[in-house]
Amino acid sequence: MKIIRLTIIALVITTLTSCFKDEAPNAECDITKAWIHTDNPAEMFFQPTDTAINVFYDKNEITFSVRRKADLTALAPLFEITPGATITPANGSVHDFSKGPVVYTVTSEDKQWSRQYTVSFKPTVVTVSSTMIFEFENAQVYEDTKKKATYYKWYETQPDATVVEYWATANAGFAMSKSSAAPEEYPSVSVDGYNGRCLKLTTCSTGSWGELVRRPLAAGNFFIGEFDVSLALTNTLHTTRMGRPFTKKPLKVSGMYKYKAGDVFWRYVNFKVEKHPEIKDRGAIYAVFYRNHDEQGNEVMLYGEDSKTNPNIVAIAEVAEIPETDTWTPFEMTFKYLTAIDMEELENQGYNLTIVFTSSTDGAFYEGAPGSTIYIDSVKLTCESEE
């Protein structure tokens, strides 16, 4: 029976992967990676790995973060595109990016589909405020044409009016199981809250499809970073890429919450859901500050399995207990530093910060109680002030 189940799962994964590639127009006309060659990366970029960007399928804007005095007048970015597709302007052609973004068009091999990408090189002046407030007002319903689904995404507006998808969720992964769900039925949604709009994060069953592919539930989650849905069926723990470069020393995070655990706790064991009403689900609120490169200069990213244990972690803040409450309740967590910060590395964007909220603390391992719900609003990040 175990062999039969494994065979069915393998066939489902293979079939679904093929369907996503063949059915949706974007699947055959994507940029999957962008990079640029430069003789001296340190003159243009903060870190050597900044010369390359992995492009997720739901992104149409590719932005390289460069130093303020970088020469952008004659750059020739290169692109990895889906097999058989073509790109215009030509791959590796030289353009003057000091005048603004360049629009590239990728056309599928059968010439039936095309997709446009805006590529830019943005001079970055590091001016992070000592206090940052997140009210989560900027939510919009995103149309996922590949999965024929609609769900919420959030963005932040920079001081120069630039829009940045600073926060991520696993909504795109849930769409694989229930693409017909309304935006309000997803694990991470926007609702009226403590002050304007807020986050509502709910642990949801993924139905019979989810059980078949060994992913029976999806916790509502919200974190600073990116979500790579291409790994949802193969390496789920690496779908959550937690953290973005941060150039201040974080001290504490505070905010408002409400929380209610679901009725019955689920575990997935031996290809079936085990229900444990004696186990109480728990939500999670924590933040991590870490070095984003190892000693060899390789990129370091936190994932679901090591978000609190990676050896590159410098500091962690966590709300130890989240009591159930149906009224808005304040929370506060202070960063505990494990090692000193290299100030020069900090100025060169050598550290990442993530803040994480989830309705089920073990949701990454598909453990939790469907119906567990946490609301989050009015989050304040306090950093060390410059003397």
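The calculated FRET efficiency for the pair Lys33 and Lys308, based on their C-beta separation and a Förster distance of 30 Å, comes to about 0.55. A simple spin-label model places the labels of Glu143 and Gln158 2.8 nm from each other, with each point 7 Å out along Cα-to-Cβ. The distance separating the Cα centre of segment 168-235 from that of segment 101-152 comes to 19 Å. For the pair Glu321 and Tyr166 in one chain, pulling the backbone fully straight at 0.36 nm per residue adds 53.2 nm over the alpha carbon distance. Surface calculation, 1.4 Å probe, protein heavy atoms: Leu233 sits at approximately 20 Å² accessible. Surface listing: Leu72, Leu251, Leu338 arranged by accessible area from highest to lowest gives Leu338, Leu251, Leu72, probe 1.4 Å.
Remark: segment 42-47, residue by residue, has Karplus-estimated 3J(HN,Hα) of 5, 6, 9, 10, 6, 10 Hz, where x stands for each Gly or Pro and the curve is 6.51 cos²θ - 1.76 cosθ + 1.60 at θ = phi - 60°. Across segment 193-204, rounded Karplus estimates of 3J(HN,Hα) from the backbone phi angles (6.51 cos²θ - 1.76 cosθ + 1.60, θ = phi - 60°) give x, 5, 9, x, 8, 9, 8, 10, 10, 10, 7, 10 Hz, Gly and Pro being marked x.
Here the calculated FRET efficiency for Ile279 and Thr118, from their Cβ-Cβ distance with R0 = 56 Å, stands at 0.75, rounded to the nearest 0.05.
Computed from the C-beta positions of Lys111 and Asp71, the FRET efficiency with R₀ = 41 Å rounds to 0.65.
Whole percent per 5 Å bin, from 0 to the bin with the longest distance: what is P(r) over all C-alpha pairs of segment 234-387? The percentages, shortest bin first, are 2, 9, 16, 18, 17, 15, 11, 7, 4, 1, 0, 0. Projecting label points 7 angstrom from Cα along Cα→Cβ for Lys252 and Arg267 puts them 3.7 nm apart. According to the calculation over all Cα-Cα pairs in the chain, the P(r) per 20 Å bin from zero is 26, 57, 16, 0 %. Extension gain for the segment Asp362 to Ala42, taken as residue separation times 0.36 nm less the Cα-Cα distance, is 111.2 nm to one decimal. Pick out, in residue order, every one of the chymotrypsin sites (Phe, Trp or Tyr not before Pro) in segment 327-387 that is DSSP loop and has at most 13 other C-beta atoms within 10 Å; say none if there are none. Passing sites in segment 327-387 do not exist. Computed over the chain, the per-residue total of -39500 (n - 2.57) for DSSP H runs of n ≥ 4 gives a 222 nm mean residue ellipticity of -3000 deg cm²/dmol, rounded to 500.
Amide H contacts for Thr82 (H built 1.01 Å from N in the peptide plane; partners 5 or more residues away or on another chain; cut-off under 5 Å): Asp30, Thr32. Taking amide hydrogens as placed 1.01 Å from N in the peptide plane, the amide H of Glu109 sits under 5 Å from those of Ala85, each at least 5 positions away in sequence or on another chain. Applying the criteria of a DSSP loop state and at most 11 other Cβ atoms within 10 Å to the GluC sites (Glu not before Pro) of segment 250-306 yields Glu278, Glu295. Ordering Ser179, Met242, Asn195 by the projection of their Cα atoms onto the charge dipole of the chain, which places +1 on the Cβ of Lys and Arg and -1 on the Cβ of Asp and Glu, puts Ser179 at the extreme positive end.
Of the trypsin sites (Lys or Arg not before Pro) found in segment 268-353, the ones in coil according to DSSP and having at most 13 other Cβ atoms within 10 Å of their Cβ are Lys280, Lys308. Of all DSSP bridge pairs formed entirely within the chain, close to 95 percent run antiparallel. Amide H contacts of Tyr152 (H built 1.01 Å from N, in plane; Pro and chain starts excluded): Tyr142 sit under 5 Å, all sequence-distant by 5 or more or on other chains.
In plain terms, the chain from Ala340 to Ala52 could stretch by 100.8 nm, reckoned as 0.36 nm per residue minus the Cα-Cα distance.
All C-alpha pair distances within segment 39-182, sorted into 10 Å bins from zero, spread as 9, 31, 34, 22, 4, 0 percent across the bins.
Computed over protein heavy atoms with a 1.4 Å probe, the accessible surface of segment 223-299 works out to 45 Å² per residue. 3J(HN,Hα) along segment 33-41: 7, 10, 7, 9, 8, 8, 5, 10, x Hz, from the Karplus curve 6.51 cos²θ - 1.76 cosθ + 1.60 with θ = phi - 60°, whole Hz, x for Gly and Pro.
The values are calculated or read from the model by the stated rules, or taken from the named source; none is laboratory data. Predicted model only: the values in this text are computed from it and were never measured. Positions of Cβ are backbone-derived with ideal geometry, glycine not excepted, and every protein chain shown enters the neighbour counts. With ligands, DNA and RNA removed, areas are computed over all heavy atoms of the protein, side chains included. Shrake-Rupley method; radii C 1.70, N 1.55, O 1.52, S 1.80 Å.
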